[in-house]
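The values are calculated or read from the model by the stated rules, or taken from the named source; none is laboratory data. Remember, predicted model here, so these are calculated numbers, not experimental data. Glycine also receives a Cβ, built like all others from the backbone with ideal geometry; neighbour counts cover every protein chain displayed.
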Amino acid sequence: MTDLQFLTWVRGTGLNIAVTIFLLGVLWRLVEIYSLGRKPDLSAPRHTPGASGLHTVFRRSLPPPGMLKRSPVSYIGGYIFHIGLAIVVFGFGPHILLVKGLTGLSWPGLPSQFVDMTAVVTMAAMVVVLADRINKPVKRFLSTFEDWFAWVVTFLPVLTGWMAFQHLLLPYTTMLALHILSVELLLVVLPFTKLFHAFTLIGSRWYNGRVNGHKGVPV
Amino acid sequence: MSASLEKGIRVLKEVIDAPIASYFNSCVHCGLCAEACLFYTETGDPKYTPIHKLEPLRRVYEQEYTLLGRLKKMVGLSRAVTDDELGEWQELVYNSCTLCGRCSTVCPVGNDIVYMVRKFREGMSAAGHAPEGIKGAVNRTVTVGSPMNVKLPAVQAQMKHVEADTGLPIPLDVEGAEYMVMLSSMEIINFPEYLGAIARIMQQAGKTWTLCSTAFEATNAGIQIGNSDLAKVIVSRIVDGAERLKVKTVISPECGHAYTALRWEGANLVGRPFDFKVQHIIEVLDEFRQQGLLKTEGFETDRLTFHDPCQLVRRGGVIAQPHTLMNMVAQNFVEMPDAGFMNWCCGGGGGASAIEEGEELRLEAFKKKKAQLEAVKPDRLVTACANCRIVLEEGLEHYQMDIPVVGLTEMIAEHLPEKKEG
């Protein structure tokens, strides 16, 4: 298989397989989780401003009082790499073109140099949070194979994308193909690993906010 | 698999719902919940990380309710939850968790961890892995009517004492009274001043009230151990009593989990909404204050601080009221760091104070409260939960801190103006 054949495969068949598994996987997992339902709360509710599912969905994006100080790397590192990933994934011109080709949707891109810089910052933040996971006793204690694996499959697309853009190490075509392949790996594993928090986090925050909001507690 | 383990696993399968599934799928192992848990912050031991306390429940979820988990189980790739493992987890689920709910307020993905611990305890107790101390309290509450073996004659004796002290009648079984007042055994035995305070406050407010001979005990160890069937038996007595006496409101005493048991879990345990209201005494006092029915005179002049009971505040939604009431009678009221919604637990909630073998850990966790108190150096500590009060007194004594602990209701009652003659 030549570089070009490899690229053609990951762009065509490979992408189709990955997107299909991703979409069906997400759908399956969402049904599997949320169809379990929950019992209605029969206690008389207390209404307090700011106490609801929706409030918690947004409020929980900010560190609660005192927490930033207790775990600065988790919060600052976490913010940087999540926002960085969003900028790189949705702000890079070629990515937008791909989405346009698949769905017809498009939006203005960000300057390539800015995205390039963001990718570097994102990778740096990811290395810092990885180091934190290794260093902090609690994080190390909680970590399983899945945690390290999820880190790798998230890091690889950023790294290979950046290297392709910088024409580093391998010919552009090969690196681009590897980049797309790594994204496909990410898409395939996302619904079945902790990366699925990207979807369930909204439901989790909502339930927490709703259950406690029923008691008039703005969590 | 032993019969009790089988029963435990069956109960665990029953309690798993969409929120729990969502929570387990959202956890990214960031460990921030540990930073919110006093059993971790004061010991530094990662095993006290709140989400870790749920590991057996997570595995049951994964193996029973996810496609991948079921596949792994089929081909023998997953480890079944064992009796020994649940035995090992007893310390994590009971001794080192007071159901304070701080972890649930900090989790960045929004997991309500304490919601899961409460449900996990259902399976733990069904599997026979609940601490003896709480088992005993539940048995006594179910059979005798009180976790401390208090029977009606003891209540009646106290009623007589209080009547003699205050010169006010203590009504029992008065049909049609507006309020039915509940007590905790702790108040009957250790803090009799509570009942006197109630009599004087109700007298000033001009409200009718009553105790109930078939339901005077508000505490519910069934909630703490995690046995909904027994919790239902206990709460049903109160529901029956309130309905028999046709009262409008049942007042939960200065006890945190009694409030949770009655106000938030009660209707769900009996399976229908109540047709009476449930209020914590602190809510009632603040309502009286707003209606102009609670008037005080004079102030405490020494330096006071307030310990927010978790079940009243963070888990119960009565957040601002105790602080408003404190300001009503205290001139020199200082707030501890993290006071209010994010206050740290006394270390003995959720049944933990009944666990004898958990004492050492409880005292270790008390260092958090000690640090909070050292930051404000109060002359006295006020709270609104009899269990917090006992645990605080024990902790203060252990660390040789000379800070008396008082109940907010009785302090308010001390400031009621003397009734003018004629």
Working carefully through the options A:76, A:80, find the one that is among the β-branched types (Val, Ile, Thr) and either away from chain B (no Cβ under 13 Å) or buried (at least 18 other Cβ atoms within 10 Å of the Cβ) (or both). A:80
Which is within 9 Å of chain A (Cβ to nearest Cβ) and either of a type in the set (A, V, I, L, M) or not in a helix (DSSP H, G or I) (or both), of B:68, B:86, B:54? B:68
Members of the stretch B:183-227 found to be assigned to a loop (DSSP other than H, G, I, E, B) and closer than 16 Å to residue B:412 by Cα, listed by number: B:191, B:192
Suppose we filter A:119, A:150, A:124, A:164 for residues that are surrounded by fewer than 18 Cβ atoms within 10 Å (Cβ to Cβ) and among the small types (Gly, Ala, Ser); which single one remains? A:124
Counting residues that are within 14 Å of chain A (Cβ to nearest Cβ) and in contact with a Pro (Cβ under 6 Å, 6 or more places away or on another chain), which helices (runs of 4 or more DSSP H) fully inside the stretch B:298-400 reach at least 3? none
What are the residues in the stretch B:255-268 that are out of contact with any Ser or Thr (no Cβ under 6 Å at 6 or more places or on another chain) and of a type outside the set (S, T, N, Q), if any? B:256, B:257, B:261, B:263, B:265, B:266
Which of the residues that make up the stretch A:41-69 are part of a loop (DSSP other than H, G, I, E, B) and more than 9 Å from chain B (Cβ to nearest Cβ)? A:45, A:47, A:49, A:50, A:52, A:62
Return a yes/no flag: does the stretch A:167-186 have any residue that is within 20 Å of residue B:26 (Cβ to Cβ) and assigned to a helix (DSSP H, G or I). yes
Single residue of B:187, B:178 found to be of a type in the set (D, E, K, R), modelled with pLDDT of 95 or more and within 25 Å of residue B:286 (Cα to Cα): B:178
Which residues, counting only those in the stretch A:3-37, are of a type in the set (D, E, K, R), touching a residue at least 40 places away in the same chain (Cβ under 8 Å) and either farther than 30 Å from residue A:172 by Cβ or at the interface with chain B (Cβ under 10 Å from one of its Cβ atoms) (or both)? A:29
Does residue B:410 fit the bill of being more than 14 Å from chain A (Cβ to nearest Cβ), more than 19 Å from residue B:283 (Cβ to Cβ), charged (D, E, K, R) and under 21 Å from the mean Cα position of the chain (by Cα)? no
Somewhere in the stretch B:283-291, is a residue away from chain A (no Cβ under 11 Å), out of contact with any Ser or Thr (no Cβ under 7 Å at 6 or more places or on another chain), part of a loop (DSSP other than H, G, I, E, B) and modelled with pLDDT of 95 or more? yes
Just give me the residues in the stretch B:133-172 being in contact (Cβ under 8 Å) with a residue 40 or more places away in the chain, in contact with a Lys or Arg (Cβ under 9 Å, 6 or more places away or on another chain) and either on the phi > 0 side of the Ramachandran plot or among the charged types (D, E, K, R) (or both), in sequence order. B:145
I need the full set of residues from the stretch B:28-39 which are more than 7 Å from chain A (Cβ to nearest Cβ) and either surrounded by fewer than 24 Cβ atoms within 10 Å (Cβ to Cβ) or over 24 Å from the mean Cα position of the chain (by Cα) (or both), in order please. B:38
For the stretch B:14-27, which residues satisfy the criterion of being in a helix (DSSP H, G or I) and either among the hydrophobic types (A, V, I, L, M, F, W, C) or facing chain A (nearest Cβ under 7 Å) (or both)? B:15, B:18, B:19, B:20, B:21, B:22, B:23, B:24, B:25, B:26
Among the numbered criteria (1) closer than 23 Å to residue B:22 by Cβ; (2) within 9 Å of chain B (Cβ to nearest Cβ); (3) assigned to a helix (DSSP H, G or I), which one does residue A:218 miss? (3)
Restricted to the stretch B:268-282 and to residues being touching a helix residue (DSSP H, G or I) at 6+ places or on another chain (Cβ under 6 Å) and part of a strand (DSSP E or B), the residue surrounded by the fewest Cβ atoms within 10 Å (Cβ to Cβ) is B:278
Residue set B:97, B:107; condition surrounded by 23 or more Cβ atoms within 10 Å (Cβ to Cβ) and more than 14 Å from chain A (Cβ to nearest Cβ); output residue B:97
Scan the stretch B:62-77 and give yes if some residue there is closer than 20 Å to residue A:194 by Cβ, surrounded by 19 or more Cβ atoms within 10 Å (Cβ to Cβ) and within 24 Å of the chain's Cα centre (by Cα), otherwise no. no
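For every residue, the table says whether it meets (1) within 12 Å of another protein chain (Cβ to nearest Cβ); (2) at positive phi; (3) assigned to a helix (DSSP H, G or I).
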residue: A:106; (1), (2), (3): no, no, no
residue: A:115; (1), (2), (3): no, no, yes
residue: A:128; (1), (2), (3): no, no, yes
residue: A:200; (1), (2), (3): yes, no, yes
